[in-house]
Structure formats: structure tokens, C-alpha cells
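The values are calculated or read from the model by the stated rules, or taken from the named source; none is laboratory data. If you're wondering where the values come from, they're calculated on a predicted model, not measured in any experiment. Here Cβ is always computed from backbone atoms with ideal geometry, including for glycine, and neighbour counts include all displayed protein chains. Note: accessible area is taken over every heavy atom of the protein model, side chains too, but ligands, DNA and RNA are not part of it. Shrake-Rupley method; radii C 1.70, N 1.55, O 1.52, S 1.80 Å.
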Amino acid sequence: MSAKSMKSEGVKQPATAATNLIAGGGAGMMEALVCHPLDTIKVRMQLSRRKRAPGTKPRGFFETGQNIVKRETVFGLYKGLGAVMSGIVPKMAIRFTSYEWYKQLLADKDGIVSSKATFLAGLSAGVTEAVAVVTPMEVVKIRLQAQYHSLSDPLDIPKYRNAVHGLFTVLKEEGIGALYRGVSLTALRQGTNQAVNFTAYTELKQWLQNLQPAYHQKKELPSYQTMVIGLISGAMGPFSNAPIDTIKTRLQRMPGEPGQTAVSRIMRISRDMFKQEGARAFYKGITPRVMRVAPGQAVTFTVYEYLKNKLEKGNLAFAGGKYYEE
């Protein structure tokens, strides 16, 4: 079928792997640049074990951020960004490509994808990206973010100088298995996140399209609407799996001990957190996480939809060995 005939019949083809790579990678890089400081604050709050005098409040979001800037300069908020940026392109490419693949696999014989299928496709895509990219990337990122050294003091030398040095140091001292510490929790977190994100985003998008006949066939909503529904869908995931994320952060921060299994480490961390810090400890960093994930999803979906639309509706389309003007 030629490009002209496909267009005339209104057939909506799934995005290609190349489109997902470029659009997803661009969206991921923009999201990382905008939201990484919030992630650093979240990690510091989750790792905080300081006991305070009775009646005093734990260090909050803004206080944690101010303390990082005061001690480590504003660049301290961007610790671990190299690890994130190096993995964001394959992460986003895997997320959107695998999501489309799972969605087509779960579609019925008429090609219709139900809400249940969308949820399962998002869940599967989240697990896939967690195993392939996210877990090793986050282990290195958290090691970098957890360092309290001052970037303004040249004599305060950190153990991990950058993402590459951190990667090789972890491999040398702890082995490749250390890069997959917390993979089960990461997969659970990413899976639930993407299941909720894609389901909520798809349902909200369809609802807006039904309310606006002008966009019912065109499919592409205005960017400001995409940003709003991305923000809403992105805020839902953190509340559903905050304890998982906090335990995962603590687990990935600590080197492994001989004879300990992943399950025993998770149980010990959970038990110690509850005993020493109370149930609220499992929700440490929830404010910056929501502030990080929700805008992050808004940026991701908006930039992804924009770039995908530009790539799919370029001036030239190739079909059957010939170029056709759109």
C-alpha cells in the first residue's frame, strides 16, 4: 500500500522503532534536564536516617534542596545526571517500542486495544525497561547522588568521580551483580508506574478527543492538553508504589554482604526502617518524587507526541521504493 493510499484510507500505523528512538530519546533527555534536581532531593530524603529531637520536624523538600546547594553548590543537584543521560535514550526507546509491541500483541482480532490490554502492555513495558536499562543506570546514579562531598572544595575528593568512573568502580569492587541489585523492586516500580501512566494517559486522551470532535479523527491533541493529562497520569504512579521506591533506593545504596540474598536484604531494610523510623519512612521523598515524576511525564508525553507527529508527518514519505509528497 502506498503512502497516498494509506493516508486516504485513514489507516493509523504504529510508530516505527526509529520514530520511537528519536522521539522517545528526545523526550527523555528533555525530561532529565528539567527534572533531575528533584530526583536528587528525593534520593537524599529517602536516604536520610538522622534522628531529630522530639517535636521537631524532619528535613523537608525545600530544606533538603537548600542544604545541597549550600554545601555542594547548585551543581550538586545534578549529581548522577551523566548516568541518567547515558541511559535515557535506550530507556525511552525500549519503553515506547515495547509498549507498542505489547499493545499490538494484546489487541483483539479487530485490532482494538482494551483498557485491560493497555494496562498489561504498560506493565510489561515497564518491566522490560527496568531489566534492560533502568536498574544498572539507577545503581550508578544513586551512588553518585548519595555522596555528600562538596563540589566547590577541590580537596573533597568523592569515591565516584562521574558516571563512567562509578560504573567501573562498582564492577571492579562488587561485580556485575551489583548493577542489578534491586532489579525485582525496580521492575515492580517501573511496571506499576508505566501501567498506571499509559492507562491513565490513554483514557484521558480518548476522553478529551471525544469531547472535541475536531480532534477525534486527527488524534493529535494540542500540546497544552497533552501536558495536562501527562501531568495527571504521571502523579498517579508514585502514590501507588512509594514504599517500593524507598526500599529500592536503600538497597541500591548499600554494597552487598556475603551470604545475604536479595529477599533477606529487602526484609532487613524494611524491618529496620519500620522499627527505627516508623511507617512514615516508607514515604520519605514522596513530595519531590511526585514533583519529579508528574512534570517528567508531562514533558515526556508532550515532547514525544510532538516529535512523533513531526516525524510521521514530514514533507516526504517513502513507500514502494519511491518518495511521495504528503
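Data overview
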| item | result |
| --- | --- |
| Of residues in region 24-48 being polar (S, T, N, Q) and in a helix (DSSP H, G or I), the one farthest from N67 (Cα to Cα) | Q46 |
| Region 271-293: number of residues that are open to solvent by 70 Å² or more (accessible area, probe 1.4 Å) and either under 24 Å from Y78 (Cα atoms) or free of Cβ contacts under 8 Å to residues at least 24 places away in the same chain (or both) | 7 |
| Residues that are surrounded by 15 or more Cβ atoms within 10 Å (Cβ to Cβ) and among the aromatic types (F, W, Y), drawn from region 63-82 | Y78 |
| Single match in T128, T97 (criterion: within 25 Å of K308 (Cβ to Cβ) and modelled with pLDDT of 90 or more) | T128 |
| Some residue of region 52-62 being modelled with pLDDT under 85, assigned to a helix (DSSP H, G or I) and open to solvent by 20 Å² or more (accessible area, probe 1.4 Å) | yes |
| Subset of region 294-326 that is among the hydroxyl-bearing types (S, T, Y) and modelled with pLDDT of 75 or more - its residue that is surrounded by the fewest Cβ atoms within 10 Å (Cβ to Cβ) | Y306 |
| Single unsatisfied condition, F198 versus (1) open to solvent by 70 Å² or more (accessible area, probe 1.4 Å); (2) assigned to a helix (DSSP H, G or I); (3) of a type in the set (F, W, Y) | (1) |
| Residue list for region 239-270, filter: in contact with an Asp or Glu (Cβ under 7 Å, 6 or more places away or on another chain) and either within 26 Å of A294 (Cα to Cα) or exposed (fewer than 12 other Cβ atoms within 10 Å of the Cβ) (or both) | Q252, P255 |
